[in-house]
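No value in this document is a laboratory result; all are computed from the given coordinates. Keep in mind the model is a prediction, meaning the values are calculated, not measured. Glycine also receives a Cβ, built like all others from the backbone with ideal geometry; neighbour counts cover every protein chain displayed.
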Amino acid sequence: MSAEQQQITQRKQDHIQAILEDPLIERRSDFEQIRLMHRALPELDFAKIDSRCEFLGQAIAFPFLISSMTGGAADNFATINRHLAEAAEACQVPMAVGSQRTMIHNPSAEASFRLRQYAPSVPLIANVGAVQLNYGFGYDEIQRAVDCLEADAIYLHLNPLQEIIQPEGDHNFARLADKIADLKNRLTVPIILKEVGAGLSPSDIQLGLDAGIEWFDLAGRGGTSWSRIEAHRSQNNLGLTLQDWGLSTTENLMLAHPFLPQAQFIASGGVRSGIDMAKAIILGAKMVGAAAPLLPPAMHSTAQTIAKIEQFKQELQAVQFLLAIEKLDDLHCNSDLILQSPWHSMLRQRG
C-alpha cells in the first residue's frame, strides 16, 4: 500500500474513532425549536398509517436514507458497509456509501463498496468529492465508482470547510459547476449534490439547477461536525473555531423552499429521531438521511442496524398518527401542522 493509500485509510479510521469518542462531535440541532400541533382525536386507525414513498423511481418503505459513512481498504469498513446494506434491504430503504476516492487510488478498497449482492432491490448511491474533478478525476473515475456499487445515483459531495481543515485537504473549488454540468450530461445515473454538514445556500442550489441537477442533500449544521473531527487531526484550532459554521438543516430547508418543486431535497444533519424526520418533511424535504445514529449498531451486526432503522420508522408513524396524517404526502410542506411561530408565518408567506 502506498503512502497516499495508507494516509486515506488512516484518515477514515480517525474519523470513526473521533465520532465514537468525542461527545462534542455531535452539535446541537434546532429541530427542537419547531413544535407540532398534537391531535387528541386523530380519527385514524394507527394500523392504516402509510409512510411509503418513491425515491429514484423505486418504491421504498419510508423516506429514510442511510447516509454516507465509510468504505475503504480495511476489514472494519467492509463489515460496516455490509451490515448497512443488509439492513437497507431488510428495511427497504436506500443507502449511500462513503467517499469512493479511496478505491480509485487503491483497488483493494473496492470490496467494501461491492454491496449490490447484499441490497439487490433498494436504491444505492455512489459517492465522490466534487473537488476531485479539479484534481485529476473525470468521467472515467466517476463511472468506475458508479459501476462498482451498481449505483442508482451518485453523490458529488461538497465539503470546502472540511477540506480547509484537513492537513492534506484539497482547496481548489474553482469552476466546479461547469464540470458538474458536463458530467451530468455524460452519466446515465442522476447526480445528487450533497454538503457534509454546513448546508447548501440558495446560490449553491441555483448553480446546481443551472447544471441540470434535480436532487440536493442539504446536510446542514446540527449533527456530526466534520470541522471538529478534522480538528482532531490538524495542528491548529481552526476546526474548533469553525465547528458550528454553516446553515442548520431547518434554516436550510426554509431557504430552499422557493426552489420547490423544480428541486427535490434530502434533509440530513442532526436528524436523530422520527420526530425530526416529520419536521423536515413538513419543511419541504422529500427524503431524510441519518448516519451517526447507525454507526454503532452497524459496527456490531445487521440485526442491530435493522432495529435502529425500524425505530426511526416507528417514531415517524407515531408522529403521523398524532398529527392525524394517514398518508405521507399530506405531511409534505403542510404548514398547518406547525404551532404558531416564525416558521409557521414564513411557510405561509412562501406557500
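What to note about this one:
- In summary, the convex hull built on the alpha carbon positions of the chain has an orientation-averaged projected area of 16.6 nm².
- Derived scalar couplings ³J(HN,Hα) [the range 257-272; Karplus, 6.51 cos²θ - 1.76 cosθ + 1.60; whole Hz; x for Gly, Pro]: 3, x, 8, 6, x, 5, 10, 10, 10, 9, 9, 9, x, x, 7, 10
- The order of 91, 53, going from fewest to most other C-beta atoms within 10 Å of their C-beta, is 53, 91.
- Among the listed pairs 48/194; 184/279; 179/313; 194/286; 279/327, those whose Cα-Cα separation exceeds 26 Å are 48/194; 184/279; 179/313.
- Seen against the Cα atoms of the chain and their longest principal axis, helix 176-186 is set at about 80 degrees.
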